[in-house]
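Report on the structure given below.
The values are calculated or read from the model by the stated rules, or taken from the named source; none is laboratory data. Model, not experiment: these values are computed from the prediction. As a convention, Cβ positions derive from the backbone with ideal geometry for all residues, glycine included, and neighbour counts pool all protein chains shown.
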Amino acid sequence: MKKINAAKLRSVIVRYVLLAIGTVVFTLPMLYMISTSLRPNGALYEYPPRFFPKPEALTLENYDYILHQSKFYLNFLNSVFVSVSTILIAAAVASAMAFVIGKFKNRSTKTLFAFIIITMIIPGTTMIVPQFELATKLGLVNRLWGLIPFYVAWVIPFSTFMIKGFMENIPNEIMEACWIDGADVWTVYTRVALPLASPALASVSIFNFLTAWEEYPWANTVINDTSLRTLPIAIAGFFGQHQFTQWGYVFAMSVLTLIPVVLIFIFCQKFFVQGLTAGSVKG
């Protein structure tokens with residue numbers, strides 16, 4: 001028993017040490033970003049360098065500068081509009097596809113699901129050139145609506161894959177009871193399947209929000225008007241200004257950009273965890 005307990009103790013110690021190391025590795029960049037945002041721009045180039053500034057050197061001047069820029073609020077609203085539109089459209093399309101694929105299994109739905117899986121393998125950056133040509137032909141260049149259709153197309157395969165597992169776990173007896181009562185497919189989908197699959201929808205919506213909220217390459221390719229910029233493009237605008245990068249402004253704006261993401265995780269944590277386990281258990 002002593003040997004077994006000793007082995008278990010060593011296993012627990014190793015596990016917690018690895019978790020502690022991982023926590024430090026993943027939190028240090030965040031702490032550095034916050035500490036840099038709380039000191040003047042020139043303080044970043046001081047020697048010897050400091051990871052944490054002195055208490056008397058702490059300042060909110062970077063946040064004051066960002067929050068007094070009217071463009072920040074415009075960029076924020078642009079990001080909110082694009083992200084919310086993306087998650088709403090993607091949730092509607094992906095949940096409908098997942099319902100059909102998960103509950104009406106035949107050769108057509110299997111082929112459709114195989115096609116969805118194949119599209120998940122293709123890296124998004126390799127499609128920028130044909131996507132730009134398509135956006136040009138459709139008149140979507142330099143418009144916020146030029147971002148939303150492509151973001152939706154990017155996230156639908158993963159969203160459908162995640163929601164499908166949850167749809168498959170909905171008992172067929174519930175659907176059969178609805179058929180007997182005279183319900184049609186639309187009624188079963190909207191009043192039965194969607195409410196039961198709400199944890200999966202919430203989970204994929206968080207991922208889709210992050211995708212649209214943080215995306216930079218495609219937004220930088222399509223958007224040229226400064227009034228239409230999203231937050232990632234606005235942050236990149238501080239690089240190289242006035243002959244050097246204003247890191248204080250960059251990190252202050254980055255911290256403000258992270259606040260909505262953190263709030264979403266805090267308030268949707270329960271749905272996020274339930275969604276990640278969707279489809280993991282059969283029966």
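Within the stretch 185-192, one or more residues are surrounded by 16 or more Cβ atoms within 10 Å (Cβ to Cβ), touching a residue at least 24 places away in the same chain (Cβ under 8 Å) and in a helix (DSSP H, G or I). One residue stands out among those in the stretch 224-243 that are assigned to a helix (DSSP H, G or I) and at positive phi: the one that is modelled with the lowest pLDDT, which is His242. Does Lys71 satisfy the criteria of being touching a residue at least 24 places away in the same chain (Cβ under 8 Å) and within 28 Å of Ser35 (Cβ to Cβ)? When the stated conditions are applied, Lys71 passes them. Among residues of the stretch 13-38 being small (Gly, Ala, Ser) and closer than 30 Å to Ile235 by Cβ, the one that is surrounded by the most Cβ atoms within 10 Å (Cβ to Cβ) is Ser37.
Within the stretch 168-181, can one find any residue that is touching a helix residue (DSSP H, G or I) at 6+ places or on another chain (Cβ under 9 Å) and small (Gly, Ala, Ser)? No, the stretch 168-181 contains no residue that is touching a helix residue (DSSP H, G or I) at 6+ places or on another chain (Cβ under 9 Å) and small (Gly, Ala, Ser).
Out of the residues in the stretch 85-113 that are farther than 17 Å from Ala153 by Cβ and in contact (Cβ under 8 Å) with a residue 60 or more places away in the chain, state the one that is farthest from the chain's Cα centre (by Cα). Taking the candidates together, the pick is Lys103. There is no residue in the stretch 193-207 that is assigned to a helix (DSSP H, G or I), more than 25 Å from the chain's Cα centre (by Cα), of a type in the set (A, V, I, L, M, F, W, C) and closer than 19 Å to Met97 by Cβ.
It is to be established whether one or more residues within the stretch 165-180 are over 13 Å from Val100 (Cα atoms), modelled with pLDDT under 80, surrounded by 13 or more Cβ atoms within 10 Å (Cβ to Cβ) and among the small types (Gly, Ala, Ser). For the stretch 165-180, residues over 13 Å from Val100 (Cα atoms), modelled with pLDDT under 80, surrounded by 13 or more Cβ atoms within 10 Å (Cβ to Cβ) and among the small types (Gly, Ala, Ser): absent. Among residues of the stretch 23-34 that are in contact (Cβ under 8 Å) with a residue 40 or more places away in the chain, those with a Cβ under 7 angstrom from a residue that is assigned to a helix (DSSP H, G or I) and surrounded by 10 or more Cβ atoms within 10 Å (Cβ to Cβ), sequence gap 6+ or separate chain, pair up as Met33/Phe251; Met33/Ser254; Met33/Val255; Ile34/Val255. Given the condition over 25 Å from Pro260 (Cβ atoms) and surrounded by fewer than 16 Cβ atoms within 10 Å (Cβ to Cβ), answer yes or no: does some residue in the stretch 83-103 qualify? No, because not a single residue in the stretch 83-103 is over 25 Å from Pro260 (Cβ atoms) and surrounded by fewer than 16 Cβ atoms within 10 Å (Cβ to Cβ).
Only one entry of Ala278, Ala252 meets the criterion of being hydrophobic (A, V, I, L, M, F, W, C), at pLDDT below 85, crowded, with 19+ Cβ neighbours inside 10 Å and in contact with a Ser or Thr (Cβ under 8 Å, 6 or more places away or on another chain), and that entry is Ala278.
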